[in-house]
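Let me begin by presenting the structure, written as C-alpha cells, before commenting on it.
The values are calculated or read from the model by the stated rules, or taken from the named source; none is laboratory data. The structure displayed is predicted, hence computed values, not measured ones. Note that we place each Cβ from the backbone using ideal geometry, even for glycine, and neighbour counts take in every protein chain shown. SASA here: full protein model, heavy atoms, side chains in, ligands and nucleic acids out. Shrake-Rupley method; radii C 1.70, N 1.55, O 1.52, S 1.80 Å.
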Amino acid sequence: MSDISILYEDEFLIALNKRCGDLVQPDRSGPWALNRAVADYLIARGVKEPFVGVVHRLDRPVSGVVLFAKTQAVTASLSSLFCEGGIRKIYWAVTDTFPDIPSGTLIHYIRVDKRTGKSFALDDPVQGAKRAVLDFRL
C-alpha cells in the first residue's frame, strides 16, 4: 500500500486522494499510513529530511482529499484554519435510502476513547467532546 495518488503539490503542501481503508497517520494496527508514504515519496525525490505535517484526517473507511504540509509553519497555519472553520469541507455520501427530509443540520459531539484511539459521535455534549455540525442536502 505504498502508492499514492497526488492531486496537487507545490513547495508548501501536497494533496492526496485518500482511498477507503487508508490511514492518514499510523495507529495501533500498523506503521503504514499516508504521512509515511508522503515522506517516502519526498525522499525518493531527493528531500533529505522531509517534514510531513498532518493538518486534518479522514476516517479509515472514508475516501477523499487529504492535505499534508511540508513545513511546520504551514502545518500550524492550516491547522488553525481547520479549527476556526476557515476551510470548508464538503462530503459526498452514497446511501441505501433517502433521509426523511431533503435538507437539515446534524449536531453531534465527538469523543475519542483514549484506550482504543477510536472516535464516537454522541447525541449529547459530554466533557472532553468536540461539537460537530453537519449541514446536509440531497
Original post:
Among Phe98, Phe82, Phe51, whose mean-square fluctuation peaks in a Gaussian network model of the chain (Cα, cutoff 10 Å)?
Top reply: Phe98
Original post:
From a point 7 Å beyond the Cα of Val126 in the direction of its Cβ, which residues of the stretch 96-117 have a backbone N at a distance under 15 Å?
Top reply: 108-117
Original post:
What FRET efficiency would be calculated for the residue pair Asp10, Glu49, taking the C-beta separation as r and a Förster radius of 22 Å, to the nearest 0.05?
Top reply: 0.70
**OP:** Evaluate the distance, in nm, between pseudo-label points positioned 7 Å from the Cα of Tyr91 and of Arg36 along their respective Cα→Cβ axes.
**Re:** 2.7
Original post:
Over the chain, what percent of the accessible surface lies on carbon and sulfur atoms, probe 1.4 Å?
Top reply: 54
Subject >> Net lengthening on full extension, Ser119/Asp100 (0.36 nm per residue, minus Cα-Cα) >> reply: 4.2 nm
Original post:
222 nm [θ] for the chain, helices only, -39500 (n - 2.57) per DSSP H run of 4+, per residue, to 500?
Top reply: -5500 deg cm²/dmol
**OP:** Calculate how large, on average over all directions, the projected area of the Cα convex hull of the chain is; give the answer in nm² to one decimal.
**Re:** 10.3
Subject >> Shape category assigned to the stretch 1-40 from the gyration tensor of Cα positions, a/c cut at 1.5 >> reply: prolate
